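The values are calculated or read from the model by the stated rules, or taken from the named source; none is laboratory data. Note that the coordinates shown come from a computational prediction; the quantities given were computed from them, not determined experimentally. Cβ placement follows ideal geometry from the backbone for every residue including glycine, while neighbour counts extend to all protein chains displayed. For the accessible areas, the whole protein counts, side chains as well, though only heavy atoms, and no ligand, DNA or RNA atoms are used. Shrake-Rupley method; radii C 1.70, N 1.55, O 1.52, S 1.80 Å.
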There are 2 protein chains.
Amino acid sequence: MYLSVVNTIDLNTFHPQQCISGKVMRLNRKIANIFRQYLRPFGITDSQMSLLFILTKRDDLNQKQLSEMAALEKSSLNRNLNRLVDARLITKEHFPTIRITKKGLQLVQQIIPEWNKAMDETRELLDKEGMAALDVLMTKVSQK
Amino acid sequence: MYLSVVNTIDLNTFHPQQCISGKVMRLNRKIANIFRQYLRPFGITDSQMSLLFILTKRDDLNQKQLSEMAALEKSSLNRNLNRLVDARLITKEHFPTIRITKKGLQLVQQIIPEWNKAMDETRELLDKEGMAALDVLMTKVSQK
DNA sequence: ATTAAAAAGTTGTATATACAACTTCCAAAG
DNA sequence: CTTTGGAAGTTGTATATACAACTTTTTAAT
């Protein structure tokens, strides 16, 4: 039957192991698994940590700017921020500017040592080459 | 006050832009955004596609094996599979073995050309160096 | 063959994420 | 100053993901 012939041809030259999306998803899950272990005691997620980290360094950002910096869709960002507001780690008091609170800053201080441990464990896993490779990738996906 | 001195010291030597987790999350979102565009017409997600791709090549896998291959927690895998079962793209008829259905195979056939377009667009974004970098990273995170 | 322990699979729950649609806000044109 | 159009922000909905706890299945020991 013609269709099965076509199917056979296609699938023989089909190499899904090369899928970039599949690779990046796996990479993301594995790295997230490492960081999650270290963040667990703080009741915070990796994504929330990223936002707190940004807001630790900048206190003049609105949601639009944050969403670009975090590469997060505006609605995803909005909900993530609301969870941090609920936890009193950030505030919308200076709306539309988002600010980290004292409590948030203190939490970041507490997290940093564990974050360093997660970074060390991950650096060991990735080696020098892997770390450099990640920076190459970030340069590529970040260039406008 | 002593605490604020400590805070100042910590935060000045704190470089969250180096966070590996943050980088990988951003990378993941950006790559996923590309693939999602091409997959939209098929009503399928990147994660579902990955599973269908595996099952296109292998018809002897149980959930445990699939979860390891996909780097997915067993409960996450279970639910993703159930969505594919609901869509009649895979079947649990040969439980515990998971098999792709004829409908699933046909969908993969249809997806391949669009997947190739997504791969091309992503290859262009990442360049030769980015592609090689991704493979370096996958080697690192995959070694037992 | 029976049963106890381990492995595999499932379900409850919470956060993460994106798209679409909606609301609110702001700035420019008149 | 008012209006209006676009940008920013919010909400509805669906899938993705993981952990904990539970059920089912398989395996091993007697």
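Descriptive notes on the structure:
- Residue match in the stretch A:31-52 (condition: touching a strand residue (DSSP E or B) at 6+ places or on another chain (Cβ under 9 Å) and more than 13 Å from B:Ser21 (Cα to Cα)): yes
- Of the set (1) away from DNA strand C (no atom under 12 Å from the Cβ); (2) surrounded by fewer than 16 Cβ atoms within 10 Å (Cβ to Cβ); (3) within 13 Å of A:Gln48 (Cα to Cα), all apply to A:Ser76 but (1).
Conditions tested, residue by residue: (1) in contact with a Ser or Thr (Cβ under 6 Å, 6 or more places away or on another chain); (2) of a type in the set (D, E, K, R).
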| site | (1), (2) |
| --- | --- |
| B:Gln17 | no, no |
| B:Ile20 | yes, no |
| B:Arg26 | no, yes |
| B:Tyr38 | no, no |
| B:Gln48 | no, no |
| B:Phe53 | no, no |
| B:Gln65 | no, no |
| B:Glu68 | no, yes |
| B:Ala71 | no, no |
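- Among the residues making up the stretch A:123-139, those that are without any contact (Cβ under 8 Å) to a residue 24 or more places away in the chain and of a type outside the set (Asp, Glu) are A:Arg123, A:Leu126, A:Lys128, A:Gly130, A:Met131, A:Ala132, A:Ala133, A:Leu134, A:Val136, A:Leu137, A:Met138, A:Thr139.
- Among the helices (runs of 4 or more DSSP H) confined to the stretch A:35-144, the ones with at least 2 residues that are at the interface with another protein chain (Cβ under 7 Å from one of its Cβ atoms) and within 12 Å of DNA strand D (Cβ to nearest atom) are located at A:46-57.
- Of all residues in the stretch B:82-110, none that is at positive phi has its Cβ atom under 6 Å from the Cβ atom of a residue that is in a helix (DSSP H, G or I) and aliphatic (A, V, I, L, M), 6 or more apart or on another chain.
- A residue that is over 22 Å from A:Phe35 (Cα atoms), open to solvent by 20 Å² or more (accessible area, probe 1.4 Å) and more than 14 Å from DNA strand C (Cβ to nearest atom) occurs somewhere in the stretch A:100-113.
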